[in-house]
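Engineer: Sending over a structure as structure tokens; questions will come in a sec.
The values are calculated or read from the model by the stated rules, or taken from the named source; none is laboratory data. Remember, predicted model here, so these are calculated numbers, not experimental data. Note that each Cβ is placed from the backbone with ideal geometry, even for glycine, and that neighbours are counted across all protein chains shown. Only protein heavy atoms, including side chains, enter the accessible area calculation; ligands, DNA and RNA are left aside. Shrake-Rupley method; radii C 1.70, N 1.55, O 1.52, S 1.80 Å.
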Amino acid sequence: MRSVYVNGKWVPEQEAEISVFDRGFLFADAVYEVAAVIGGKLIDYPGHATRLGRSLHELGMAMPVSEHEMLDLHREAIRRNEVVEGLVYLQVTRGAADRDFLIDPASKPGLVMFTQEKQVTANPKVEIGLKVKCVPDLRWARRDIKTVQLLYSSLMKTEAAREGLDDVLLVEDGVVTEASSANLHIVDADGTIVTPPLSRALLPGITRGSVLSIARDNAMPVREDTVSTAALASAREVFITSATSFVMPVVEIDGRSVGEGVPGPITRRMRELYIAKSMATAT
Ligand code: PMP
């Protein structure tokens, strides 16, 4: 049984409670972060902490605990639950108030944290690669804020699974924004890694940022540019990145093979470099 953190207390998971008036529950008025854990240590923690601050700022919500306390709580979650490999999930909600579209400026933000065990390094899909399909991106227009409003992506991923697929790529105005819960990257005909530039259309992924800096540090050609559906269709390699999947190859899109239909060499190299760097800098 896990020990979870709810508004200042560590409790067994069955005893964890949130008010039915919590605005995270009623309005999806909440933001979250997910950091991977390897060997009991946090991967890319500073990036996740910084993005949490930005998400809260964008919604005019206060940070419920200090930066220092937040890191201590992460470590405590890992320690109490003896997590070796997995993730720490945290959610900050606006808090409880009688249901009203108007946000009460006096509402007190709440904080919930829990852990999940997960095989993050030895993921069998790494060797096989993912099969995906493209769907219209019908999410709200502030996807740069990491809110818990994940319904559309969740519905699309479930639909894809029913069709025997692993994920979806979201397309808006002829360009790919990202996957349901990961950033998109392609390797073009010249061998350049191309990833969509940051905007309100997609989440500024922490893994995406690390992948870009690893590419630059290792003299791998890289460019931030929009990825049209035509560029996607002619890509040599396609991969997606997220905190808990790291770098994952995509080998089939809309029933057509990407390149040779197997994980490509640049994707494999990037995954190795990412894991090596993350483990060396884990906190
Ligand atoms: N895009 C979306 C929509 C996501 O949900 C996620 C992961 N939560 C990402 C991208 C990847 O971000 P990160 O690398 O910070 O996990």
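Engineer: Any chance you could count how many residues in the stretch 24-73 are assigned to a helix (DSSP H, G or I), touching an Asp or Glu at 6+ places or on another chain (Cβ under 9 Å) and acidic (Asp, Glu)?
Structural biologist: Here the count works out to 1.
Engineer: Now a separate question. With the condition kept exactly as written, say whether any residue in the stretch 264-272 is within 16 Å of the ligand (Cβ to nearest atom) and under 17 Å from the mean Cα position of the chain (by Cα).
Structural biologist: Yes.
Engineer: Can you tell me which residue within the stretch 141-188, out of those that are buried (at least 17 other Cβ atoms within 10 Å of the Cβ) and more than 17 Å from the chain's Cα centre (by Cα), is farthest from the ligand (Cβ to nearest atom)?
Structural biologist: Asp188
Engineer: While we're on this one: Cβ contacts < 6 Å: first residue free of Cβ contacts under 8 Å to residues at least 60 places away in the same chain, restricted to the stretch 9-23; second residue surrounded by fewer than 12 Cβ atoms within 10 Å (Cβ to Cβ), any location; separation 6+ or different chain. Result?
Structural biologist: Pro12/Met1
Engineer: Could you go through the stretch 130-138 and let me know if any residue there is in a strand (DSSP E or B), in the same structural domain as Val238 (by TED's automatic domain parsing), open to solvent by 70 Å² or more (accessible area, probe 1.4 Å) and within 30 Å of Ala233 (Cα to Cα).
Structural biologist: Filtering the stretch 130-138 for residues in a strand (DSSP E or B) gives 130-136.
Narrowing further to those that are in the same structural domain as Val238 (by TED's automatic domain parsing): 130-136.
If we keep only those that are open to solvent by 70 Å² or more (accessible area, probe 1.4 Å) too, we end up with 131, 136.
Filter once more, so that each one left must be within 30 Å of Ala233 (Cα to Cα): 131, 136.
Yes, the conditions are met somewhere in the stretch 130-138.
Engineer: Tell me, yes or no, whether the stretch 258-267 has at least one residue that is open to solvent by less than 60 Å² (accessible area, probe 1.4 Å), without any contact (Cβ under 8 Å) to a residue 60 or more places away in the chain, in contact with a strand residue (DSSP E or B) (Cβ under 8 Å, 6 or more places away or on another chain) and under 18 Å from Val37 (Cβ atoms).
Structural biologist: Scanning the stretch 258-267, I find no residue that is open to solvent by less than 60 Å² (accessible area, probe 1.4 Å), without any contact (Cβ under 8 Å) to a residue 60 or more places away in the chain, in contact with a strand residue (DSSP E or B) (Cβ under 8 Å, 6 or more places away or on another chain) and under 18 Å from Val37 (Cβ atoms), so the answer is no.
Engineer: Looking only at the stretch 221-236, filter to residues that are of a type in the set (Val, Ile, Thr) and open to solvent by 60 Å² or more (accessible area, probe 1.4 Å); which one of those is farthest from Val88 (Cα to Cα)?
Structural biologist: Thr229
Engineer: Tell me which residues, restricted to the stretch 139-154, are assigned to a helix (DSSP H, G or I) and more than 27 Å from Thr267 (Cα to Cα).
Structural biologist: Result: Leu151, Tyr152.
Engineer: Pull up the stretch 237-252, narrow it to residues that are within 12 Å of Thr121 (Cβ to Cβ) and surrounded by 24 or more Cβ atoms within 10 Å (Cβ to Cβ), then point me to the one that is farthest from the chain's Cα centre (by Cα).
Structural biologist: Within the stretch 237-252, the match that is farthest from the chain's Cα centre (by Cα) is Val247.
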